[in-house]
Each structure stands twice: as C-alpha cells, then as structure tokens.
Amino acid sequence: MQMQNFKNPVVNWIDHRLPVFSFMHHELNEYPTPKNLSYLWNLGSLAGFALVMMIATGIILAMHYTPHVDHAFASVERIMRDVNHGWLIRYIHMNGASFFFIVVYIHIFRGLYYGSYKAPRELLWILGVMILLLMMATAFMGYVLPWGQMSFWGATVITNLFSAIPFIGESIVVWLWGGFSVDNPTLSRFFALHYLMPFMIVGVVLLHIIALHRFGSNNPLGIDVSGKQDTIPFHPYYTSKDLFGLVVFLTIFASAVFFYPNFLGHPDNYIPANPLQTPAHIVPEWYFLPFYAILRAIPDKLGGVLFMFGAIAVLFVLPWLDKSPVRSGRFRPIFKVFFWLLFADCILLGYLGAKPAEGIYVVLSRLATAWYFFHFLLVLPVLSLIERTRPLPQSISAPIIGGMAMAGAAAKREKPDA
Amino acid sequence: MRKLNTLSLGLSLWLGMIMATGSALAAGAGGKITEHDWSFSGPFGYFDQASLQRGFQVYREVCSGCHGLEFISFRNFAELGYNEDEIKAIAAEYEVVDGPNDEGEMFERAAIPADRYPSPFPNENAARAANGGAYPPDLSLIVKARPNGANYIYSLLTSYTDAPSEMDVPEGMHYNEAYAGQMIAMAAPLYGEDVDYADGSDTSIEAHAADVVSFLAWASEPEMEKRKRTGLAVLIFLSVMCVVSYKAKQYIWSDVKKA
Amino acid sequence: MSEATTDKGRRDFIVVATNTMMAVGAAAVVYPLIDQMNPAADTLALASIEVNIAGITEGQAITVKWRGKPVFIRHRTADEIQTAAAANMDDLRDPQVDGDRVQKPELLVIEGICTHLGCVPLGQKIGEVKGDYNGWFCPCHGSHYDTSGRIRKGPAPTNLGVPPYEFISDSVIKIG
C-alpha cells in the first residue's frame with residue numbers, strides 16, 4: 001500500500017498518523033478490477049448491503065422486542081402497531097432475510113459456474129461457505145423470536161435434529177433447550193445468539209474481502225488478468241455499476257416490503273406459539289427447503305441429518321473435487337450442461353421440500369438428493385479428468401482469439417465505443 | 001446478462017412453485033373458498049370507513065361474546081373514523097380490571113381510550129370451559145393468520161348449510177363447506193338481519209360477513225393504507241433512480257474500451 | 001466525439017443527479033430509523049392519569065407515578081402556605097410567586113424530579129429530611145427546595161416543575 005498525498009490538509013494530517021484514507025484509496029481507486037465483469041458480479045456488494053441492512057433494522061427491533069415467552073408475540077405486535085414506523089422496520093427485516101438469501105444463492109451459483117472456487121481462491125470460497133452456514137443459523141434463530149406457531153415448531157423440529165447424534169444426542173438437545181422442551185430459556189438464548197451471530201458474519205465477511213483482494217475478482221472468462229489493459233479501477237466504474245444494481249434490487253425489495261410483506265411467510269406464524277398443538281403443515285422458510293428435502297429423503301434419522309449437513313460440507317471441499325484447470329463454464333461444454341442440471345436439481349429439491357413427504361415426492365426427493373451428491377462427488381472429479389475444454393482466450397482484452405462462440409457473443413453485446 | 005436472466009428466472013420459478021404449493025395446500029386442506037372483491041386488496045387498496053364501523057358493530061354485537069380482540073385498543077378506533085368523544089363514550093361502556101389499589105385489591109373501572117379491548121374470557125381455559133372444549137381464537141390477527149384470510153373468513157361465515165344426508169354431524173359440531181374437514185365447533189354466527197345498521201345499509205348475511213371481515217382485516221393490518229401509500233412513493237422514486245443511475249453508469253463506462 | 005463538451009456536461013449532470021438522489025433516498029430512510037425511538041402510540045396514550053385527592057389530610061403528602069416519574073401532591077398546612085407566599089423574590093434563584101405554582105393554595109402538585117440531575121428529593125414521608133426550607137431536600141447533590149418546591153440552595157438551576165393538571169371535581173385531579 002502506497003501512502004497517498006491528499007489535497008485536504010486535515011485528511012493528510014490524519015492519514016499520516018492513521019492511514020485509513022490511504023487504505024480506502026488503495027482498496028477502491030487503485031484496486032484493479034477485471035473490466036469484463038458481468039452483472040452477476042454485483043451480487044457480492046449487494047450481499048454486503050443486505051447484511052448491513054439486516055443489522056441496522058435488527059438492532060432497532062431489539063430495542064422494542066421482549067425475549068420472553070409471555071411477551072415476545074405481543075411485543076412484536078406492538079412493534080407492528082404502536083412503535084413509530086415499526087411495521088416498516090419489521091417488514092424490512094422479515095423480507096430482508098429472504099432477499100439476503102436470494103442474493104447469496106445467486107452469488108454462490110455464479111461462483112459455481114465460473115469456477116470462482118479454484119486456485120488461488122480456495123480460501124475465499126471456504127470463507128463464503130462459512131458465511132452461508134452462519135447465515136443459516138442466524139436466520140433460523142431469528143425466525144424463532146416472534147414466538148408464533150411456526151417459530152415454536154420450527155425450533156422444536158430443528159433442535160431435535162441433534163438428537164440423531166448417537167449416545168450424546170439427547171443430552172445435547174436438552175443442553176440446547178435449557179429444559180425439556182423449547183421454552184423460555186431457549187427463546188432467551190436464541191435471542192442472544194441471533195444478536196451475536198451477525199457480527200460473527202461481519203468478521204468472516206471481512207476475511208472474505210481480504211482474501212478477495214489478494215488476487216482480485218475472478219471474471220466471466222475465468223482467465224487471469226494479464227496486465228493493466230485488462231483492468232479498470234473499482235471506483236468509479238464498479239461503484240456506479242453496483243449502485244445501479246442496488247437500485248434495481250431495492251425496487252424489487254420495496255415491492256415485496258410494501259405490497260406483499262407476508263408473501264414469503266407463513267400465516268401460522270401469526271398464531272401465538274402453542275406447545276400442545278402442531279400446525280397441520282409445517283415447512284421451514286423457503287431458503288431451507290432444499291436442505292429440508294434432503295433431510296426427509298433419507299429414511300433414517302441420523303442418515304438424514306448427516307446428508308443434510310453433507311450437502312453443505314461438500315461445498316467446503318469443492319475446490320479439490322473439481323480439479324479442471326479451466327475455471328469458467330464458458331469453456332467447458334460438458335460441465336456447463338451438468339451445471340444447469342445441478343441448478344434444476346436444487347430448484348426441484350426446494351419444490352419437494354415444500355411438499356408433504358408422501359408418495360411420488362419421496363421417490364423424487366431421493367433421486368434429487370442422489371443427483372446432488374452424484375454431481376459433486378462423481379461428475380466433477382471425472383469431468384476434470386476427461387473433459388475436452390475449449391481453447392482459452394489469451395487475455396481479457398483480446399477474448400476473440402481462438403474464435404470461440406461464447407467469447408464472440410460477449411464481444412457482440414458490447415456497445416461500440418463512441 | 002443472459003445468465004443472470006436465467007438464474008433469476010429459475011429462482012422466481014422456484015418461489016412461484018413454493019407459493020403455488022402453499023396455496024394448493026391451503027385449498028386442499030380447507031373447503032370451498034369464494035373470492036370476494038375487497039376495497040383493501042391491490043396496490044391502491046383502502047379501508048371503507050363506513051364498512052369498518054358496520055363491521056365493528058357486527059363484531060361487537062355478535063362475535064365479541066366469544067372472540068377477543070386483544071391487540072386492539074379503544075384509541076385505535078380513531079382509524080374507523082370515530083372522534084375522540086365517540087371513542088371515550090365507546091370505551092366507557094366497558095369495564096376493565098385495574099389495580100391493585102391502595103388496599104391491594106384489584107378493582108373494576110370504566111375503560112378509557114388507552115385500554116385494550118377487553119376479552120370475553122379471562123384466559124384460554126375459561127374460554128374452552130365455556131365453549132365445550134373448543135377455543136374461540138382471538139380475532140385481532142385472524143385475517144393474517146389464515147391463508148387467503150379475508151376470503152376464507154368471508155366464506156366461513158356464509159357457508160353454513162345443512163349437512164348432506166349421508167353425513168353424520170356429531171353433537172356440538174356444525175357443518176360448514178368452507179372449513180377444513182367441514183365440521184366446525186362454532187355454531188353459525190350470522191343469519192342475516194342480526195344487527196340493525198344505523199345507516200340503513202344492507203343487512204343480508206353476505207353484507208354482514210363482508211363488513212365484519214373488512215373490520216377484521218383492518219384489525220390485522222391497521223398499517224395497510226399507510227404501507228401501500230408509502231410504497232407507491234418509494235417505488236416511483238426508485239424507478240426514476242433506476243433510470244438515472246443506469247445513465248450515470250453508462251456515461252462513466254463510456255471511456256472503457258472493452259475487447 | 002464532436003459533441004464532447006455537451007457530452008461532458010450531460011455526464012456531470014447525470015452523475016450529480018444520481019448522487020443527489022442517493023442522498024435524498026438515504027435521508028428518507030434514516031428518518032424512520034431515528035423516529036422509531038420517540039414514544040410509541042401506546043406510550044403517548046397513557047400520558048394522563050386521574051388521582052383521588054380526598055384522602056390526603058392536611059400536612060400529608062402522596063407520591064403518584066405519571067409518565068414513569070414521581071409526582072408529589074402535598075396538602076399544605078396554613079403555615080406552609082404562609083411561608084411559601086411570604087418568600088422574598090430577591091432570595092429566589094428562579095423567582096416565581098407561589099400563587100403561580102398552585103391552582104388551590106392548599107394543594108401543591110409538583111414533579112418530584114430534582115432539576116439538577118433527576119434524582120427524587122426527600123421530604124415526602126414523615127421523618128424524612130426536608131431541607132433547610134422545610135420543603136424537599138435532594139440527597140444526591142444537596143439541593144434544598146421550599147414549601148412551594150422552589151430551589152433555595154444547592155446546585156439545581158430551577159424550581160421543581162409543575163405538571164399540567166386540572167380539577168375534574170373537588171376530590172379528583174387529572175394530571176397530564
């Protein structure tokens with residue numbers, strides 16, 4: 001990092017002693033970014049925005065919320081009815097969770113398609129999977145807090161997963177609950193942890209960004225930057241592009257918050273928790289449905305839990321399963337087909353997770369689960385051995401060399417320089 | 001861009017399927033739901049105050065014998081179009097428990113606008129005991145707490161019929177085509193002309209049901225009008241900003257030689 | 001390229017417009033996030049209480065809670081009214097005639113919050129320290145108030161506040 005000379009003497013004085021401005025200049029203005037990033041590369045900064053939005057609204061909700069079984073539901077209703085703009089803040093937080101996951105899932109599929117997990121970005125990818133895990137834990141605990149029927153029964157079902165662990169499972173569940181069922185001690189600790197975990201996410205996100213800035217962004221061609229002609233400064237180019245993406249995101253998000261705030265929720269969660277009566281159809285929030293489908297596909301309690309966590313664990317070792325030297329799916333004709341099959345498979349799993357576990361749905365869940373693991377554990381390692389990839393362009397600035405159809409299409413989309 | 005489209009298409013397909021599943025489940029588990037045309041649905045939805053007041057009257061004279069409205073305070077009735085004196089007068093008709101007083105005793109006093117609407121039973125056990133074991137749910141969130149809430153409750157209130165001859169209706173149960181399983185513990189609450197409206201409007205069973213559902217929809221989502229109005233302003237602002245920020249991005253990028 | 005200058009002007013305009021909209025949007029978002037900390041609707045609705053004062057005998061004082069703070073209601077003796085009314089305005093830090101602080105001379109209604117830093121002064125119960133002026137004494141930093149609740153000695157800058165109240169009947173007052 002080069003110390004900068006700033007025009008403003010105050011900035012200079014501070015920067016000499018505490019080089020925050022040089023740091024920002026280095027990370028934003030000097031940070032060379034491949035110039036061919038598509039809009040799919042907006043999702044990272046968008047996820048960062050969503051995280052900040054969730055923390056801001058979450059801290060505010062915590063000011064008005066009471067983590068006690070007798071008062072939690074009523075305190076949420078007080079936020080909705082009496083607190084100034086409380087309905088707005090809660091609906092932003094509630095829908096924000098869903099939109100955070102939408103953004104992060106697209107971000108992950110982008111990484112899968114363009115091989116963003118490959119050397120030298122393995123740790124960057126692993127940190128990302130850790131963020132996903134933390135997000136899932138945070139979202140789960142947050143959903144318990146309103147203490148509606150879905151909160152209560154979701155908490156009961158998910159904490160019971162741990163009882164599948166041999167020998168110590170039961171003790172672990174009692175330890176998680178702080179009692180013999182989901183009750184007040186459970187609610188209090190979930191509240192404390194729901195407040196804590198977002199800050200752990202912030203910590204891992206910082207590491208994620210440090211790892212990102214070590215080698216810079218991957219790009220749609222998946223080839224390394226070869227020189228200055230391939231890059232542009234992050235600011236103002238990508239800041240302006242990210243801003244446009246953010247506004248588009250906010251437009252969609254606002255439509256949900258203001259016009260369909262309960263579209264992604266369950267009506268049952270507006271019924272106060274009742275430990276004596278389980279709702280007829282309990283399903284997790286949509287972002288857990290694929291994992292829920294895997295859990296139910298396995299006809300064995302421990303097996304189901306293992307496969308469900310395995311579905312994430314497999315992402316941790318992905319960089320070593322796919323050893324193909326070519327990153328981008330654009331130059332891997334067979335991989336590309338399998339990528340879209342995996343994508344469809346995940347959507348199918350999500351659909352099945354919302355269906356009752358009976359009849360054809362069980363069969364389909366098992367097939368879809370099998371395909372998921374087949375893709376990661378067999379298809380990817382084998383493909384990296386046998387696939388004939390297309391020739392790579394020499395550099396980002398000259399992607400047409402070799403005459404690839406995909407690269408040609410990329411060039412055609414660009415507007416001529418005025 | 002094409003990939004982005006495909007991805008978002010996929011995700012929206014997924015969400016669409018989930019929602020379709022959700023409503024299919026709701027429809028499959030429940031009975032026949034008739035769709036009604038509500039003033040409060042849609043992006044320009046609003047509450048018809050006259051209907052809310054009539055609905056409140058129906059709630060008060062019919063429903064409130066068994067069903068509470070625990071999250072509504074008398075002061076909230078300002079949103080139905082009552083002024084402060086009218087609200088005070090309504091509140092004063094009810095007794096609420098307060099205390100303890102200086103002697104340590106709980107006592108009853110006339111309600112004031114700041115009080116919650118008193119529930120008919122002191123607790124769930126008392127409510128069950130008085131209703132043959134069935135718990136009449138609190139109505140303050142009922143429209144949000146049921147799938148397709150407004151239409152569902154409207155259908156429920158208007159779908160009490162005689163059971164088909166082959167069906168055996170047990171003692172204490174009632175046949176209702178809109179209810180899941182068709183056997184509901186609640187007896188038909190409305191028959192038409194149950195309540196005399198001061199404004200002389202329709203007192204058919206359908207009109208009563210529509211009014212009380214409007215009132216309950218307001219009770220569930222009192223912020224609805226404000227939410228949708230704010231939403232329109234926000235969307236207009238963001239749409240303009242979409243165009244402006246896209247243009248800004250285009251101009252900033254105009255000197256980048258791609259490929 | 002021939003329109004380079006207009007192009008630049010337009011470019012600057014569009015960038016400025018974007019930044020302006022971003023600032024306006026951010027301000028619009030920040031407002032509800034700040035306003036949410038103001039008293040909520042249910043808190044505001046509870047801002048008035050009614051107190052029965054019939055049971056307070058001469059010389060006695062009661063404390064009631066209004067808006068989460070103590071309000072002192074003292075049925076003053078003739079002697080106390082006398083001294084309060086006779087106070088020399090030049091001796092007062094925050095000059096105020098006793099008559100301006102009461103609606104009926106025998107009934108003094110004041111907020112029991114020391115105007116220094118918000119402690120509750122002593123002097124309500126029999127046997128408590130009443131300070132040098134036989135009114136109230138704040139134990140936190142030693143402010144002395146007289147029988148009209150006016151500051152006479154110590155660090156407090158102003159007299160004990162008088163809450164808005166009205167007589168609903170001879171025996172009931174409504175505070176707030």
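The values are calculated or read from the model by the stated rules, or taken from the named source; none is laboratory data. For clarity, every value in this text was computed on a predicted model and none was experimentally measured. Positions of Cβ are generated from backbone atoms using ideal geometry, with glycine treated the same way; all protein chains shown enter the neighbour counts. Calculation scope for accessible area: heavy atoms of the full protein, side chains included, ligands and nucleic acids excluded. Shrake-Rupley method; radii C 1.70, N 1.55, O 1.52, S 1.80 Å.
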### Task
Answer yes or no: is there a residue in the range C:33-53 that is more than 30 Å from A:Glu77 (Cα to Cα), open to solvent by 80 Å² or more (accessible area, probe 1.4 Å) and either within 13 Å of another protein chain (Cβ to nearest Cβ) or without any contact (Cβ under 8 Å) to a residue 40 or more places away in the chain (or both).
yes
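Which residues, taken from the range B:125-140, are open to solvent by 70 Å² or more (accessible area, probe 1.4 Å) and within 25 Å of the chain's Cα centre (by Cα)?
B:Asn125, B:Arg128, B:Tyr135
Per-residue answers, yes or no, for (1) among the aromatic types (Phe, Trp, Tyr); (2) over 21 Å from the mean Cα position of the chain (by Cα); (3) open to solvent by 30 Å² or more (accessible area, probe 1.4 Å):
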{"position": "A:Phe215", "(1), (2), (3)": "yes, yes, yes"}
{"position": "A:Pro220", "(1), (2), (3)": "no, no, no"}
{"position": "A:Asp242", "(1), (2), (3)": "no, no, no"}
{"position": "A:Ala256", "(1), (2), (3)": "no, no, no"}
{"position": "A:His266", "(1), (2), (3)": "no, yes, yes"}
{"position": "A:Gln277", "(1), (2), (3)": "no, yes, yes"}
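In the range A:248-295, what residues are aromatic (Phe, Trp, Tyr), under 24 Å from A:Leu349 (Cβ atoms) and facing chain B (nearest Cβ under 8 Å)?
Those that are aromatic (Phe, Trp, Tyr), under 24 Å from A:Leu349 (Cβ atoms) and facing chain B (nearest Cβ under 8 Å): A:Phe263, A:Trp286.
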### Task
Report the residue count in the range B:204-259 for those that are of a type in the set (Ser, Thr, Tyr), within 10 Å of chain A (Cβ to nearest Cβ) and either closer than 22 Å to B:Phe74 by Cα or in contact with a strand residue (DSSP E or B) (Cβ under 7 Å, 6 or more places away or on another chain) (or both).
1
### Task
Could you tell me whether any residue of the range A:167-175 is within 26 Å of A:Tyr287 (Cβ to Cβ) and open to solvent by 50 Å² or more (accessible area, probe 1.4 Å)?
no
### Summary
Here the residues within the range C:12-43 that are part of a helix (DSSP H, G or I), closer than 20 Å to B:Asn76 by Cβ and not charged (D, E, K, R) are C:Ala41, C:Thr43
### Query
Would you say B:Pro113 is farther than 28 Å from C:Lys65 by Cβ and touching a Ser or Thr at 6+ places or on another chain (Cβ under 9 Å)?
no
### Query
Quick check: is even one residue across the range B:203-216 open to solvent by less than 20 Å² (accessible area, probe 1.4 Å) and in a loop (DSSP other than H, G, I, E, B)?
no
### Query
In the range B:111-121, how many residues are facing chain C (nearest Cβ under 10 Å) and not in a strand (DSSP E or B)?
4
### Flag if A:Leu112 is farther than 18 Å from A:Leu46 by Cβ and of a type outside the set (Gly, Ala, Ser)
no
### Query
Can you spot a residue in the range A:2-20 that is under 30 Å from A:Ala398 (Cβ atoms), away from every other protein chain (no Cβ under 14 Å) and touching a helix residue (DSSP H, G or I) at 6+ places or on another chain (Cβ under 9 Å)?
yes
#### Entry: Check on A:Leu342, more than 14 Å from chain B (Cβ to nearest Cβ) and closer than 16 Å to A:Phe374 by Cα
no
### Answer from B:Glu108, B:Glu70 - the residue that is open to solvent by 30 Å² or more (accessible area, probe 1.4 Å), part of a loop (DSSP other than H, G, I, E, B) and touching an Asp or Glu at 6+ places or on another chain (Cβ under 8 Å)
B:Glu70
